[in-house]
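The values are calculated or read from the model by the stated rules, or taken from the named source; none is laboratory data. Nothing here was measured: the structure is a model prediction, and the numbers come from that model. Here the Cβ is made from the backbone with ideal geometry for all residues, glycine too, and neighbour counts use every protein chain on show. Remember, those area values only see protein heavy atoms, side chains included, never the ligands or the DNA or RNA. Shrake-Rupley method; radii C 1.70, N 1.55, O 1.52, S 1.80 Å.
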Amino acid sequence: MSKWDISSIDDWKSEDFPRGAMIPEAGNSADYVTGGWRSERPWRDESKCTQCLICWIYCPDSSVVLNDGKVVSFDLDHCKGCGICAHECPSDAISMALEGCELPEVK
Amino acid sequence: MAEQKIVATTGNSLVAEAFRQCAPDVVPAYPITPQTTIVEEFAKFVAQGRVHTEYVTVESEHSAMSAAVGASAAGARVMTATSSQGLAYMWEELHIAAGLRLPIVMANANRALAAPINIHCDHSDIMGARDTGWIIYFAETAQEAYDNTLMAIRVAENPQVMLPVMTTLDGFITTHSIDRAQLMDDETVKAFVGEYHPENALLDTDHPVSHGNFAGLGGTYFEFKQAERTAIDRSLGVIKSVGAEWSAVSGRPFDVVEGWGMEDAEIAIVVIGSTAGNVRHIARELRAQGVKAGVLKIRVFRPFPFVDIAEALKGVKAVAVLDRAESFGAEGGPLFLEVRSALYDCTTRPAMVNYIYGLGGADVKLELIRRVYSDLADIAGGVAEPSGLVYLGTR
């Protein structure tokens, strides 16, 4: 079965949507960008990070990106800026910065 | 036309019987006067094993409609019943049922809303729920309450519609009075209503779906509401064709508006529910005296049959609309406003008057109806001007 294509959802008319506010397939939550209403974004000081992965465990949106078992970045398409990662980080390596400011460190 | 059994019973008994014949998978219900005997009798059918329904005794009407929404989304055929404060208590779930496009069928025993506390008939409850997206039928008699319920399930589950339907009957007048009615056999009803095959059931684990998702923040709420409006507009045709089909089976005529003496009527009364009988009685009396009196009974209130109403009333000189509900601060009762709006585009428009009557079960005496027709005759004859809103029969 082909995947439900929502790429042009912004152009859909009322008759193009499935009846009754329904999502007609499972396992597609990654396709929805949920980071759009974030007001703060996390950034990580690599020098303080001990790679304990506490942030990865706590993130409710699975937005802490790992590579080879190490934290490398945040998935900002899905991070909603809740700040749990920063709050839980035992070595104060993560802090929250206002969305929209210049942060070259954020990958 | 199928063979039928003539019974003497109440409107509520017949609705319970209609529920049983539709064989719903789930009935979540909470008792409230004067609806109670519907779910009570239905519970008895379940206990006797005459119908294999999951009967859920919930702790409130709010829960009853929530359970109905859940069960219907899961893929079940769901029916329930309520009245008055119970219907008001269901208010938010009524919107959800319609918004999720769930074909739930619910009977409502029309009853006044507090305060002051009153258990008797008027249409304040149902008129409060008129904009929730439900299709709404009104019954004049126990027979109509029965027929409407069977038609409702077909309309609700029609793929072109997929909306919840309320079939209403007047509290105590139609719900509790013993009436003569014709009861269809189970097999014929079964063949008429058919089986329900849900399209996107939550319990269909092979095709997982998600219902009732978030559509705010610049989302798609507006488009979904537009789709709902398209569906309820489209339902009018389905209601008529299902009605024609049931007419062929039962031998009883059905239309969304039913006229009596309307062909050449000069004065007419528009009415919904049980009062139609009284109105027809007086109209018949007036006809015998040579007065061209007509009656227009509205049997389906949502979608509002604007065109049918305009067509029936456009040649009449003076029309009275009887409202059994208030719309406080508005320019008349809810039925009046819509009937008058239906006539706005006609080239010839009748003079119109609005009467609020029978609130909280106040008696609708024949004398009062006679007075309305006499007012109309004065207006049609140019002896009197149409007045503003009239409270009919208050002390």
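Just to verify a result, which residue in segment A:1-48, among those that are touching a residue at least 60 places away in the same chain (Cβ under 8 Å), among the basic types (K, R) and more than 13 Å from chain B (Cβ to nearest Cβ), is nearest to B:L163 (Cα to Cα)? That would be A:R41. What is the residue count in segment B:320-343 for residues that are in a loop (DSSP other than H, G, I, E, B), surrounded by fewer than 22 Cβ atoms within 10 Å (Cβ to Cβ) and either within 18 Å of the chain's Cα centre (by Cα) or among the polar types (S, T, N, Q) (or both)? Qualifying residue count for the region: 2.
Residues are listed down the side, and each one gets a yes or a no for (1) over 14 Å from the mean Cα position of the chain (by Cα); (2) at negative phi; (3) at pLDDT below 95; (4) surrounded by 12 or more Cβ atoms within 10 Å (Cβ to Cβ):
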residue: A:K13; (1), (2), (3), (4): yes, yes, yes, no
residue: A:N28; (1), (2), (3), (4): yes, yes, yes, yes
residue: A:D31; (1), (2), (3), (4): no, yes, yes, yes
residue: A:D45; (1), (2), (3), (4): yes, yes, no, yes
residue: A:C49; (1), (2), (3), (4): yes, yes, no, yes
residue: A:C55; (1), (2), (3), (4): no, yes, no, yes
residue: A:D61; (1), (2), (3), (4): no, yes, yes, yes
residue: A:E88; (1), (2), (3), (4): yes, yes, no, yes
residue: A:L98; (1), (2), (3), (4): yes, yes, yes, no
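Checking each residue in segment B:169-212 for being at pLDDT below 95 and in contact with a strand residue (DSSP E or B) (Cβ under 6 Å, 6 or more places away or on another chain) picks out only B:S210.
State all residues of segment B:189-200 that are in contact with a helix residue (DSSP H, G or I) (Cβ under 9 Å, 6 or more places away or on another chain) and within 11 Å of chain A (Cβ to nearest Cβ); if no residue qualifies, say none. The one that is in contact with a helix residue (DSSP H, G or I) (Cβ under 9 Å, 6 or more places away or on another chain) and within 11 Å of chain A (Cβ to nearest Cβ): B:N200.
Taken over segment B:89-129, the criterion of being free of Cβ contacts under 8 Å to residues at least 40 places away in the same chain, touching a helix residue (DSSP H, G or I) at 6+ places or on another chain (Cβ under 7 Å) and not charged (D, E, K, R) is satisfied by B:Y89, B:M90, B:L113, B:A114.
Yes/no per residue for (1) open to solvent by 30 Å² or more (accessible area, probe 1.4 Å); (2) out of contact with any Ser or Thr (no Cβ under 6 Å at 6 or more places or on another chain); (3) under 24 Å from B:R229 (Cα atoms):
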| residue | (1), (2), (3) |
| --- | --- |
| B:A293 | no, yes, no |
| B:A318 | no, yes, no |
| B:D345 | yes, yes, yes |
| B:T348 | yes, yes, no |
| B:N354 | no, yes, no |
| B:L368 | yes, yes, no |
| B:D375 | yes, yes, no |
| B:P386 | yes, yes, no |
| B:T394 | yes, yes, no |
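On the given criteria, is B:L202 open to solvent by 30 Å² or more (accessible area, probe 1.4 Å) and not in a helix (DSSP H, G or I)? It is true that B:L202 is open to solvent by 30 Å² or more (accessible area, probe 1.4 Å) and not in a helix (DSSP H, G or I). Name the single residue that is farthest from the chain's Cα centre (by Cα) among those in segment B:35-83 being open to solvent by 40 Å² or more (accessible area, probe 1.4 Å) and basic (K, R). Across segment B:35-83, the extreme among qualifying residues is B:R50.
So that you can scan it fast, the table gives a plain yes or no per residue for (1) among the small types (G, A, S); (2) surrounded by 14 or more Cβ atoms within 10 Å (Cβ to Cβ):
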site	(1), (2)
B:V209	no, yes
B:S247	yes, yes
B:P253	no, no
B:V256	no, yes
B:E263	no, no
B:I267	no, yes
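Scanning segment B:49-88 for residues that are free of Cβ contacts under 8 Å to residues at least 60 places away in the same chain, assigned to a strand (DSSP E or B) and either of a type in the set (G, A, S) or over 17 Å from B:N200 (Cα atoms) (or both) returns B:E54, B:Y55, B:V56, B:T57, B:T80, B:T82.
Each residue in segment B:214-231 was checked for being open to solvent by less than 50 Å² (accessible area, probe 1.4 Å) and either touching a strand residue (DSSP E or B) at 6+ places or on another chain (Cβ under 6 Å) or not in a helix (DSSP H, G or I) (or both), and 4 of them qualify.
Quick check, is A:S95 in contact with a Pro (Cβ under 9 Å, 6 or more places away or on another chain), under 30 Å from A:D10 (Cα atoms) and hydroxyl-bearing (S, T, Y)? Step through it out loud before you land on a result.
Values: in contact with a Pro (Cβ under 9 Å, 6 or more places away or on another chain): yes; under 30 Å from A:D10 (Cα atoms): no; hydroxyl-bearing (S, T, Y): yes.
The answer is no for A:S95.
Given the criteria over 30 Å from B:D363 (Cβ atoms), surrounded by 20 or more Cβ atoms within 10 Å (Cβ to Cβ) and within 17 Å of the chain's Cα centre (by Cα), does B:I298 qualify? So B:I298 does not fit the description; no.
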